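Engineer: Let me begin by handing over the structure; questions about it come next.
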Amino acid sequence: MKKLTTILATAALGLSIHSGAGAEGASSYPGKPVNIVVPFAAGGGSDTLARTVGQKLSEMWKQPVVVINKAGADGNIGAQFVASAPADGYTLMVLDIGTLTMGPIFYKNLPFDPATAFDPVTVLTFSPHTLVVHPSVPAKTFKELLEYSKANPDKMNFAAHNNSAALAGHRLSAETGIEMTQIPYKGAGAAMVDLMGGQVNLSLASLLLVSPQIKSGALKAIAVASPKRMASMPEIPTLMESGVPGYVMGSWQAVVAPAGVPAEIVKKINLAIAEALKGPDVKEKLEGSGAEIIANSPEEFGRLLNEQRKTFKEVAARANVQTN
């Protein structure tokens, strides 16, 4: 199998859509189209958010905002591409920050440093991981699911479409003894298709991603990994009240830029995104699907990244997660 560094280097050379560098001031930004890279396949939470926010930014800026999917290696191919882009504000990235906080946990030799390669812009949303199963799984509560997994250890597996979903599954297994095998996917869309089709039987995915499938009955919700029940789906118990103390995990969807973008431009992008998220149609769509709108400052986002890196390093050690 090719080394990750080779794959990423090839991808970076073959996907040359970088904007030309320029020392353009914030007052005239943006003076040309802006690219938003999503380092995952189309159809997932990051992709949906990028397109929703991108459309609003395009309307505000009177410039095209183009969403480009560059999936692979748990988001690292797209992240390497953005890390190498000119620091002029014309290449942004929308992603689950697990790529930045958990990448070094799963990969030994990343060709970029997630802690220094990007400038934080803002967190868009937080959506707790939700433990969902295919309807054929004979369990309605976490206690029943745990008992079923121990009685049928060869039958249980979980779909993991990114680092965050993978670590969530490993942590749940380490802390509860639930028996399940990880099945990796390149994107949330493919993972959901297989989960709804019964090819895999369990996943820990953001409520934003799985709420439509829960509402339609295509998936069965067992518990949510939030401190308290979610207002959008109050019937779903938390994992903590289901007997897993302290289990809180979720998907932080955010916007970053290549390191070195002028602070004035970062601030202008930050304020524009915050304004876009205030739109009644956007708020209704996101909050109704189980996401909390954050829209914080670059400084607040930077502190969150540091806290998450520390937390997940400790979680990975407890779960005995091995790097590739």
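Engineer: Please report the projected area of the stretch 111-255's Cα convex hull averaged over all directions, in nm². Write down the numbers at each step before the final one.
Structural biologist: Working: hull surface 37.0 nm².
If you wrap the Cα atoms of the stretch 111-255 in a convex hull and average its projections, you get 9.3 nm².
Engineer: What ³J(HN,Hα) values, in whole Hz, does the Karplus curve 6.51 cos²θ - 1.76 cosθ + 1.60 give for the stretch 26-37 when θ = phi - 60°, with x put for Gly and Pro?
Structural biologist: Values per residue, Gly and Pro as x: 5, 4, 9, 7, x, x, 7, x, 10, 9, 10, 8 Hz.
Engineer: Can you give the net charge of the other residues whose Cβ lies under 13 Å from the Cβ of Val132, counting K and R as +1 and D and E as -1? Walk me through the numbers on the way to the answer.
Structural biologist: On the way: positive: Lys140, Lys215, Lys220; negative: Asp194.
Summing Lys and Arg as +1 and Asp and Glu as -1 gives +2.
Engineer: Also, I was wondering about something else. Build a GNM of the chain with springs between Cα atoms under 10 Å: which of Lys285, Lys186, Lys220 gets the top mean-square fluctuation?
Structural biologist: Highest fluctuation of the listed residues: Lys285.
Engineer: List the residues whose amide H sits under 5 Å from the amide H of Phe118, counting only those 5 or more places along or on another chain, with H placed 1.01 Å from N in the peptide plane.
Structural biologist: When sequence neighbours closer than 5 places are left aside, the close amide H contacts are Ala259.
Engineer: Calculate one ³J(HN,Hα) per residue across the stretch 61-75 by plugging θ = phi - 60° into the Karplus curve 6.51 cos²θ - 1.76 cosθ + 1.60, and present them in order as whole Hz with x for glycine and proline.
Structural biologist: For the stretch 61-75, the Karplus-derived couplings read 8, 6, 9, x, 10, 9, 8, 10, 8, 10, 8, x, 6, 6, x Hz, x marking Gly and Pro.
Engineer: Give me the net charge for the shell around Asn157: Cβ to Cβ below 15 angstrom, other residues only, Lys and Arg +1, Asp and Glu -1. Could you put the intermediate results ahead of the total?
Structural biologist: On the way: positive: Lys150, Lys155; negative: Asp154, Glu179, Asp194.
Overall, the nearby charge balance is -1.
Engineer: Within a Cβ distance under 15 Å of Glu314, other residues only, what is the Lys/Arg minus Asp/Glu net charge?
Structural biologist: Values: positive: Arg171, Arg309, Lys310, Lys313, Arg318; negative: Glu175, Glu307.
Around Glu314, the surrounding residues sum to +3.
Engineer: Given the options Ala231, Ala259, Ala168, state which has the largest fluctuation in a GNM of the chain using a 10 Å cut-off (strictly under) for Cα springs.
Structural biologist: Ala231
Engineer: Please work out the C-alpha center-to-center distance from the stretch 258-284 to the stretch 69-100 and express it in whole Å.
Structural biologist: 17 Å
Engineer: If you place +1 on the Cβ of every Lys and Arg, -1 on the Cβ of every Asp and Glu, and leave all else neutral, what size is the dipole of the chain about its Cα centre, to the nearest 20 Debye?
Structural biologist: Numbers: 28 positive and 26 negative charges, 66 e Å.
So the magnitude is around 320 debye.
Engineer: Could I ask something else about it? Among (i) 29, 27, 21; (ii) 35, 27, 17; (iii) 34, 22, 17, only one was calculated for this model; which label is it, if the read-out is semi-axes √(5λ) of the Cα gyration tensor in Å?
Structural biologist: The listed entry that was calculated here is (iii).
Engineer: Classify the stretch 157-243 as rounded, prolate or oblate, taking a ≥ b ≥ c as the square roots of the eigenvalues of its Cα gyration tensor: rounded when a/c is under 1.5, otherwise prolate if a/b is larger than b/c and oblate if not. All intermediate terms of the calculation are to be shown ahead of the outcome.
Structural biologist: Working: a/c = 1.76, a/b = 1.12, b/c = 1.57.
Verdict is oblate for the stretch 157-243.
Engineer: If amide H atoms are built 1.01 Å from N in the plane of the peptide, which residues on other chains or at least 5 residues away come under 5 Å of the amide H of Asn69?
Structural biologist: Excluding prolines and chain starts, which carry no amide H, the hits are Val38.
Engineer: I'm checking a number: the convex hull volume of the Cα atoms of the stretch 12-158, normalised per residue, in Å³. What is it? Present the calculation step by step, with values, prior to reporting the outcome.
Structural biologist: On the way: hull volume 23.1 nm³, N = 147.
Taking the convex hull of the Cα positions in the stretch 12-158, it is 157 Å³ per residue.
Engineer: Now, a different point. Can you give the helix-only mean residue ellipticity at 222 nm for the chain, where every DSSP H stretch with n ≥ 4 adds -39500 (n - 2.57) and the sum goes over all residues, rounded to the nearest 500 deg cm²/dmol?
Structural biologist: On the way: 12 runs with 133 residues, N = 324.
Calculated at 222 nm, the ellipticity per residue is -12500 deg cm²/dmol.
Engineer: Given a cut-off of 24 Å, name the pairs among Lys155/Lys186; Lys155/Lys285; Lys150/Lys228; Lys62/Lys278 whose C-alpha atoms lie farther apart than that in the structure shown. Spell out each step's value before the answer.
Structural biologist: Numbers: Lys155/Lys186 22 Å; Lys155/Lys285 36 Å; Lys150/Lys228 27 Å; Lys62/Lys278 19 Å.
Where the Cα-Cα span goes over 24 Å, the pairs concerned are Lys155/Lys285; Lys150/Lys228.
Engineer: For Leu202, enumerate residues with amide H under 5 Å from its amide H, sequence gap 5+ or separate chain, H modeled in the peptide plane.
Structural biologist: His134, Asn157, Ala159
Engineer: Excluding residues fewer than 8 places away in the same chain, name every one of the aspartates and glutamates whose C-alpha is closer than 19 Å to that of Lys220.
Structural biologist: In chain and number order, the partners are Glu144, Glu147, Glu179, Asp194, Glu235, Glu241.
Engineer: Once the dipole of the chain is set up with Lys and Arg at +1 and Asp and Glu at -1 on Cβ about the Cα centre, which of Val137, Leu92, Thr176 lies farthest towards its positive end?
Structural biologist: Highest projection toward the positive end goes to Val137.
Just so you know, all these numbers are worked out from the coordinates, no wet-lab data involved. Everything numeric in this text was worked out from a predicted model, so none of it was measured. For neighbour counting, all protein chains shown are included, and Cβ atoms are generated from backbone atoms with ideal geometry for every residue, glycine included.
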